[in-house]
1. Using the Kirkwood radius over Cα pairs, work out the Stokes-Einstein diffusion coefficient for region 369-425 at 20 °C and 1.002 mPa s, in µm²/s as a whole number.
2. Amide H neighbours of I186 under 5 Å, counting only residues 5+ apart in sequence or on other chains, H built in-plane at 1.01 Å?
3. Take W564 and W543, extend 7 Å from each Cα along the Cα→Cβ direction, and tell me the distance between the two endpoints in nm.
4. Can you order the peptides 600-611, 176-187 by their average number of other Cβ atoms within 10 Å per residue, highest first?
5. In terms of modelled amide H atoms, which long-range or inter-chain residues lie less than 5 Å from the amide H of C122?
6. Say R0 is 41 Å: what FRET efficiency, to the nearest 0.05, do K598 and Q341 get from their beta-carbon distance?
7. Could you state the number of Å between the C-alpha centres of region 479-553 and region 268-285?
8. What is the projected area of the convex hull of the Cα atoms of region 149-298, averaged over all directions, in nm²?
Amino acid sequence: MTSPATDAYTTRQSSASPTPDFTVTVTASTQTVSTRRMTSDSTTSGDYSYSDSGAGTGGSSGGMGDGNTGGTGGSGNGNGGVGGGNGNGNGNGNGNAGGTGSGTHSGSGGQSQRPNILVFICDDLGRADLSYTEGNIWTPTPHIDKLAWDGIILNRFYTNPICTPTRAAFMTGKYPFRTGMQTASISQGEPWGVPLEFKFQPQYFKDLGYQTYHVGKWHLGEYTRQYFPNARSFDYSYGFTGGAANWWNYTEGWITPVPVSGRDVRENGKRILANDTNNAYYPDLINHKAEQIIRNQDPSKPFYMYYATPLVRSASNGFGDAQASVPQFQLRPSALSFSEQFPERKRQLALIQALDDTFMRITEAVVNKGIANNTILVFFADNGAPVPKAGTFVRGSNYGVNWPLRQGKGTLFEGGTRVNAFIWSPLLKKRGRITNQLFHSTDWLPTLYEAAGGNLHDLAAEKLDGFSHWKSFQSGLNYGPRKELVSNIDQISNQYAMIYEDQYGGLYKLLGGNVLNNVFTGWFAPPGTNAEDTDEAPNWKTWTPISINCNFPEGTEVSPCVPWKADCLFDLTNDPCEKNNIAESYPAMLRLLQSKIKAYNVTSYPAVITGYDPASQPELWEGWWVPWKDPQPFDEGVTTNPLIPVESF
């Protein structure tokens, strides 16, 4: 495949307290009731169907529920379905499967309300920067680890290598090259976004009766109000519409070639005025808002929350120093004891502590509301960490670490696209495990839709690229419906890659085209450690069940890959760190994947990227970034404080 060898990144404008135990009430077949802690060996059983009215919580064989519309019962003696009468509905349900009751008596047999969906997406997180992955002793993340190990860890989870395309894929269920979002992340003042013809994920859940919330980062379009979160099916939105705001005064912009900066923080699309929020640490600001939403949520109505934290990114557009973490995190032992010789990495260690605390507070809000048993939590990163040698091309490096994976953000090597992810819920029958099934960010839409009781046939007309993994999650399988994925195809920057699973379960990856400016294609070791030593267990980490074994010396290339000269092929099963280019040794596999990538390329949607528009300059809009092409670009602003309780949203 050939395409122009221009690099889009160079030609465009720059853009603690412990968590409470999670418990669930379990109704056994003998109709005795017990409570047990959610640990890795805990399971729930029973398939869930959701009635249109009623309330209740499910357990191993279905919780106690009240409702008017019966569903399919779970395991039990004489238990009706969801909302079904206990022998008084339309189905008595003697035996292992409950009947489908339609009575109004209480019955145990499943969930009477659709589960709450909480999506937690973090920014530019390195593979090795959570302690549950590579066991990094400098990045302890106990609160994230706890639910990761108690849920299902997605060890082969893939995204696009940069922010906007990944978030577009998540929202639409389509590959970025099929929505015109394949080339770059949106910079301030650029009049483009995800085309309005594509339906966003919250709309699917609104169709199922959900209340939908966006909190935090957006980065999917802002030049007219049609691209704001509220116009794309979120009932409520609080955060910034761009990609990387200053965490103290909420401005976005850049230093070179000419300094440009404007404020960007909004509630339901309206400007939040400076005297209302200034000097509040931004991660805390949106944390308070998310906690407030959860606290005030009507428990009889399911909610869908897209929580997009700005953590763990710290360096962007020259504002890195201003976005350093607050002292409470800098004084954590892991950050405080780290060598002063590596100040950038030391700052990043503190930000990772802030990330873990943010996660703790969100999950505690769910627990304190009493809805944990009927909530599905999803955690993932939008892409890998930007390594220092690539910082010029991806809006700065945060000194995150993808080691031992190759390269990072902005590239199609594994360090840019294979990221941390897991799903947690008491509704998962078989959890406390790791799965190696291929999973792409497009898969969340159908997976969560099915988990919420939606009919997958209703998605057929959308022609999604995503697959639902819900049945494989529930069955405990280590394989899923996806057998190949496209990391990206972009003719402007000339990048393409895909992964293919053969009939024996082996994973092969094709990678071709540019790698940023085609200078650095290697590995970035954790600063201040002996990561490049050949010791079996280097002192910077302890091995975990998902630590990556490169099968070759870490950080050393075996057979060169120069993708801008010739396509590379890797055996990811035996070479997860992409050290050994086997293109010459496996010509048939190389040709197969080349033919596949060409076929995918035929279906590409033209890239919608456009350049900076001077009419957007903040100095023209009282120091704000506004939807300057909208009929009403400037609004009166709102006064909002997440610390002040409100009745509802």
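The values are calculated or read from the model by the stated rules, or taken from the named source; none is laboratory data. Model, not experiment: these values are computed from the prediction. All Cβ positions, glycine included, derive from the backbone under ideal geometry; neighbour counts span all protein chains shown. Calculation scope for accessible area: heavy atoms of the full protein, side chains included, ligands and nucleic acids excluded. Shrake-Rupley method; radii C 1.70, N 1.55, O 1.52, S 1.80 Å.
1. Details: Rh = 12.6 Å.
Roughly 170 µm²/s, to the nearest whole number.
2. T164
3. Those two pseudo-labels are separated by 3.8 nm.
4. My ranking of the peptides, most packed first, is 176-187, 600-611.
5. The list, which skips near neighbours in sequence, is F380, A381, D382.
6. Numbers: r = 49 Å, r/R0 = 1.18.
Approximately 0.25, to the nearest 0.05.
7. Region 268-285 and region 479-553 have Cα centres spaced 38 Å from each other.
8. On the way: hull surface 44.9 nm².
Dividing the Cα hull surface by four gives the mean projection, 11.2 nm².
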